[in-house]
Amino acid sequence: MSPLKIKKGTSRKSAYDLKDPHADVIERHTLACIVTNEAGVLARVIGLFSGRGYNIESLTVAEIDHEGHRSRITVVTTGTPEVIQQIKAQLGRMIPVHDVHDLTEEGPAVERELALFKVAGKGDKRIEAIRLAEIFRANVVDSTLESFIFEMTGTSEKIDAFADLMRPLGLVEVARTGVAALSRGEV
Amino acid sequence: MARQMTGAEMVVQALIDQGVDTIFGYPGGAALPIYDELFQQDKIQHILVRHEQGAAHAAEGYARSTGKPGVVLVTSGPGATNTVTGLTDALLDSIPIVVITAQVPTFMIGTDAFQEADTVGITRPCTKHNYLVKDTEVLASVVHEAFHVATSGRPGPVLIDIPKDVQFAKGSYTEKNKASTGHYAPKLKGDIDQITALAAMMETAKKPIIYSGGGVINSGDSATALLRELAKETNFPVTSTLMGLGAYPASGDQWMGMLGMHGLYEANMAMHDCDLMINIGARFDDRITGRIDAFSPKSKKAHIDIDPSSINKVIHVDVPIIGDVAHVLEDLLRIWKSRGRKTQAEGLEKWWKQIEEWRAIRCLDYKNSEKVIKPQYALQRLEALTKDRKDRFITTEVGQHQMWAAQYLGFEAPNRWMTSGGLGTMGYGLPASLGVQVAHPDALVINVAGEASWLMNMQEMGTARQYNLPVKQFILNNERLGMVRQWQDLLHGNRYSHSWSEALPDFMLLAKAFGAKGITVSDPSDMDDAIMEMLKFDGPVVFDCLVEKHENCFPMIPSGAPHNEMLLGDAGVEDAIGDTGAVLV
């Protein structure tokens, strides 16, 4: 008997759910948490994700209300619908977490990311880079004779697409902020 | 104007204002200002333990047996890290404790100072919440908030880390009723539509079962009373998790016994075959569910829990009700009664007949011996000789003896049974028994132990002696790590890798060394006399009961198996655990 020969995805004879979490439908959700801005609050949220094995695709955090000591943490996470439910419940019961919004579920939302791209090159590649930057409405925020830094705001997909285009043109470095998101409409 | 006092004075004042009468602790450099304040007052009793882990478990025992939060005070660094096991234990079993740790002064934090540890960092995942207080002005408010968090909603451990300079500095004291606690207010009332849906399901269920858990006990005496009323009014059978024992009385007609891995046959069979499962304050722990995809396949499931993250975590339920058990049961009973108190009498009669057939298996029967004490026999005699004591409190260590205690001892009231359920902490029972005895000085407090678990925190016998705590350490000594050995039997071809100790101490001498009474018994015919001697002695007793070394604990749901495939005895043990079950614990 070899106890360790477990096939991935078998759960038929198991007391735990050994199902491969990727076997089910994986959803991508953007969660916004309003938290008390206090020391260690980000560590709590991150610790929850790592401790319970949840995914973080992107995470942004900044103070949004100085007087009220409130910060907004925007997390993009992936998982089965059950796992997403668990993540929200686990976040919701943390003491410094005041509110958890699932922007993906609650209706249309605007999601934006800011990215900086350093592209180095000469000649045609340099011209092509700046031409594409115009098409993507990226701004040049730094320039030398052999390099540009482009600044761009957009959805994660748009930023991915721009990075893909820049790669053969001499992309040296990328810095991304992660997703900031708000639900559309009045509330 | 608010009262001015030092941080150390604030801590003691806040504890007094919170109604704390006892704290368990161990002093050290960084905690000295608070200890100096304790020295100068007489409202709070301080119990000096022998190891900080003991303090945390003692506080758990105190909390579980009283319903009040337990309080711990330790120093920085090792003092704090030693409480980590107790904090995790309290987190998993939802026990309210407040642990105050001292810290090096704020200006030394981060310098690897003597006895410095990142206490809030280390304990973040093993507390319900924790605080590092860097300003004396907010200290009192934080202490009050900590008690609120520890005891509200799903209870749990809360830690407050207080640097030494914050203890010395002066600030204004925040009164209890002025402290900020408002933003943490878990919902107590359940959703009325869901409760009504459950009431409707109760009216049509032919094979219902109530599956109650530790949440009933945490919810308080009224929850226990309402659970009993619900059972009585509906004639539904009641089973309970390890943590929930005592909420429904063991002598009650509808009592099915504990369920789960070492639960009773009838309880597990009824869970498997039921058509309505009402989970009240339990959390579908893996010791309960066994194989998830075969867990109670034919039933509709309702789940009452105050913690939203417990709902649909492991088992999908049809009727989730988020709220406090007592509040929800009150509404449930009211709604069910107003709808005409209907149940399926005929269906229930058949269901009870089926249950009687399962009961007739007599799953707790075992082969007794006249030569050697069977652990089950020892517990049966302990039960027979102590069950009439209304003030009997039982703690346990972890392992076979714990499961046998849950099977063979009967609990008539809540808060009488203290055991490490979720974390399974060997070494819990002895310090927990001290905490219980401190809270109930005249009660009979027995720690049912295995010798291996007991040795893990045996230093606390010194505490028992110092405070004249007459705890009875009922050690079922099989010279083995019994449960480990049992799993090696089942899973690893009887290769007993390191599951016994070749150099056990002489427990009689050990008792003597600690100033306790030692009793040893090895002949079954001496069992009753030995127990009576233990009960009559006014003081701590180390009871060394030499039992059968190779007894296995049954019934058992082997890991990876569903509820209706229980092992009832040693026969059928071969290959009971398949490949996939073998990696489980």
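Got a sec? Which of A:161, A:133, A:129 is without any contact (Cβ under 8 Å) to a residue 40 or more places away in the chain, over 30 Å from residue A:65 (Cβ atoms) and buried (at least 17 other Cβ atoms within 10 Å of the Cβ)?
Just a single option satisfies the conditions, and that option is A:133.
Tell me which helices (runs of 4 or more DSSP H) are completely within the stretch B:462-567 and hold 1 or more residues being in contact with a Leu (Cβ under 7 Å, 6 or more places away or on another chain) and either under 19 Å from residue B:398 (Cα atoms) or away from chain A (no Cβ under 14 Å) (or both), or say none if there are none.
B:527-536
Pairs meeting the criteria (first residue in the stretch B:408-424 and within 20 Å of residue B:454 (Cβ to Cβ), second residue of a type in the set (Gly, Ala, Ser) and assigned to a loop (DSSP other than H, G, I, E, B), beta carbons under 9 Å, at least 6 apart or on different chains) are B:409/B:250; B:417/B:246; B:420/B:427; B:424/B:399.
Taking the condition of being under 19 Å from residue A:80 (Cβ atoms) and within 24 Å of the chain's Cα centre (by Cα), how many residues in the stretch B:312-330 meet it? Final tally of qualifying residues: 4.
Here residue B:309 meets the list (1) over 25 Å from residue B:343 (Cα atoms); (2) of a type in the set (Ser, Thr, Tyr); (3) part of a loop (DSSP other than H, G, I, E, B) almost entirely, failing just condition (3).
Note on the stretch A:96-116: among residues that are more than 17 Å from the chain's Cα centre (by Cα) and within 14 Å of chain B (Cβ to nearest Cβ), the one that is farthest from residue A:180 (Cα to Cα) is A:96. Between B:2, B:90, B:56, B:30, the distinction of being in contact with a Phe, Trp or Tyr (Cβ under 6 Å, 6 or more places away or on another chain) and not β-branched (Val, Ile, Thr) belongs to B:2 only. Of the conditions (1) under 23 Å from residue B:149 (Cβ atoms); (2) without any contact (Cβ under 8 Å) to a residue 24 or more places away in the chain; (3) surrounded by fewer than 17 Cβ atoms within 10 Å (Cβ to Cβ), residue A:42 satisfies every one except a single condition; which number is it? Unmet for residue A:42, out of (1) under 23 Å from residue B:149 (Cβ atoms); (2) without any contact (Cβ under 8 Å) to a residue 24 or more places away in the chain; (3) surrounded by fewer than 17 Cβ atoms within 10 Å (Cβ to Cβ): (2).
Among the residues of the stretch A:55-103, write down those that are in contact with a Leu (Cβ under 6 Å, 6 or more places away or on another chain) and among the hydrophobic types (A, V, I, L, M, F, W, C). Within the stretch A:55-103, A:61, A:75, A:97, A:100 meet the criteria. Residues in the stretch A:48-61 that are surrounded by fewer than 15 Cβ atoms within 10 Å (Cβ to Cβ) and either more than 23 Å from residue A:157 (Cα to Cα) or aromatic (Phe, Trp, Tyr) (or both): A:50, A:51, A:52, A:53. Looking only at residues in the stretch B:145-158 that are away from every other protein chain (no Cβ under 12 Å) and buried (at least 21 other Cβ atoms within 10 Å of the Cβ), which one is farthest from residue B:93 (Cα to Cα)? So the residue we want is B:147.
Residue count for the stretch B:312-324, restricted to those that are touching a strand residue (DSSP E or B) at 6+ places or on another chain (Cβ under 6 Å), away from chain A (no Cβ under 11 Å) and either more than 25 Å from residue B:566 (Cα to Cα) or not aliphatic (A, V, I, L, M) (or both): 3. Of the residues contained in the stretch B:246-254, none is found to be surrounded by fewer than 18 Cβ atoms within 10 Å (Cβ to Cβ), on the phi > 0 side of the Ramachandran plot and in contact with a strand residue (DSSP E or B) (Cβ under 9 Å, 6 or more places away or on another chain).
In the set (1) more than 20 Å from residue A:43 (Cβ to Cβ); (2) within 11 Å of chain A (Cβ to nearest Cβ); (3) free of Cβ contacts under 8 Å to residues at least 12 places away in the same chain, residue B:124 fails one condition alone, (1). Note on the stretch B:387-413: among residues that are in contact with a Phe, Trp or Tyr (Cβ under 9 Å, 6 or more places away or on another chain) and part of a loop (DSSP other than H, G, I, E, B), the one that is surrounded by the fewest Cβ atoms within 10 Å (Cβ to Cβ) is B:410. Within the stretch B:168-188, residues that are without any contact (Cβ under 8 Å) to a residue 24 or more places away in the chain sit with their Cβ atoms under 9 Å from residues that are in a helix (DSSP H, G or I), at 6+ positions apart or across chains, in these pairs: B:177/B:144. Please go through the stretch B:282-311 and pick out each residue that is within 14 Å of chain A (Cβ to nearest Cβ), surrounded by fewer than 20 Cβ atoms within 10 Å (Cβ to Cβ) and over 23 Å from the mean Cα position of the chain (by Cα). Selection gives B:292, B:293, B:294, B:297. Limited to the stretch B:6-29, what total is found for residues that are within 28 Å of the chain's Cα centre (by Cα) and not hydrophobic (A, V, I, L, M, F, W, C)? The total comes to 8. When each of B:408, B:428 is tested for being under 30 Å from residue B:52 (Cβ atoms), aromatic (Phe, Trp, Tyr) and at pLDDT 95 or above, the lone residue that passes is B:428.
The values are calculated or read from the model by the stated rules, or taken from the named source; none is laboratory data. From a predicted model like this one, the values you see are computed outputs, not experimental measurements. Ideal geometry is used to build each Cβ from the backbone, glycine not excepted, and the neighbour counts take in all protein chains shown.
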